[in-house]
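The values are calculated or read from the model by the stated rules, or taken from the named source; none is laboratory data. Keep in mind it's a predicted model, so treat the numbers as computed, not measured. No Cβ is skipped: glycine too gets one built from the backbone with ideal geometry, and neighbour counts run over all protein chains shown.
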Amino acid sequence: METRFKKLGEVIELEKGKLILLEEKEDTINIIMKVALQNIAILLFPMKTSKEEIINRILASKSSVSIEKIRLKKDLSNKDWEKLSSTMKEISNFKLYIDNTHQNSIREILSKCKKLKEEKNIELVVLECSQLIQENLKMIKELAKDLDITIIVASEVTKKIKEVN
């Protein structure tokens with residue numbers, strides 16, 4: 001997978017002050033997990049995905065238990081439950097803050113980023129792309145520079161968005 005990160009193996013080194021556009025939404029879960037495992041604070045703004053769905057995707061990815069089994073909460077073997085229990089303990093230590101307020105204005109998003117930078121020292125912000133985000137990429141890029149953080153805009157339509165770097 002080609003990204004604008006310095007490494008995408010065991011460790012990800014974030015490019016501070018940068019806005020990065022990612023095409024695949026699924027990759028964001030892998031990035032979030034790898035960054036969170038480094039004890040780095042992350043703020044996630046999912047525009048269409050519920051908090052529960054994100055946690056389920058992280059659980060499935062980290063535990064190797066199928067997302068369908070986790071969603072339906074059935075057909076889980078004792079081994080599956082053990083994996084999920086172990087994974088839950090691990091991810092409970094993640095510094096992952098999820099803002100599921102789907103009606104955020106761009107000002108509210110910027111304000112929340114600034115507040116959590118001060119309070120929790122977030123180093124990564126992940127935004128699922130929406131029309132609002134697309135229309136305000138320059139402001140988001142400025143925020144990344146001002147706060148010296150990495151901001152990822154994840155979208156299935158990123159190819160249509162011109163990079164702002």
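Quick rundown of the values:
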| read-out | value |
| --- | --- |
| Hits in the range 95-114 (condition: free of Cβ contacts under 8 Å to residues at least 60 places away in the same chain and touching a strand residue (DSSP E or B) at 6+ places or on another chain (Cβ under 8 Å)) | 95, 97, 98, 99, 104 |
| First in the range 115-126 and closer than 19 Å to residue 15 by Cα and in contact (Cβ under 8 Å) with a residue 40 or more places away in the chain, second anywhere and of a type in the set (A, V, I, L, M) and assigned to a helix (DSSP H, G or I), Cβ under 6 Å, 6 or more apart | 122/116; 124/35 |
| Answer from 161, 133, 122, 140 - the residue that is closer than 24 Å to residue 52 by Cα and at pLDDT below 95 | 133 |
| The range 46-71: number of residues that are hydroxyl-bearing (Ser, Thr, Tyr) and either under 13 Å from residue 85 (Cα atoms) or in contact with a Pro (Cβ under 8 Å, 6 or more places away or on another chain) (or both) | 2 |
| Single match in 70, 20, 54, 32 (criterion: surrounded by 17 or more Cβ atoms within 10 Å (Cβ to Cβ), more than 27 Å from residue 149 (Cα to Cα) and among the β-branched types (Val, Ile, Thr)) | 70 |
| Qualifying residue in the range 32-49 (condition: at pLDDT 85 or above, of a type in the set (S, T, N, Q) and either touching a helix residue (DSSP H, G or I) at 6+ places or on another chain (Cβ under 6 Å) or within 21 Å of residue 143 (Cα to Cα) (or both)) | no |
| Any hit, the range 111-129, residues being loosely packed, with under 12 Cβ neighbours inside 10 Å and in a helix (DSSP H, G or I) | yes |
| Subset of the range 68-93 [closer than 17 Å to residue 51 by Cβ and outside any helix (DSSP H, G or I)] | 73, 92 |
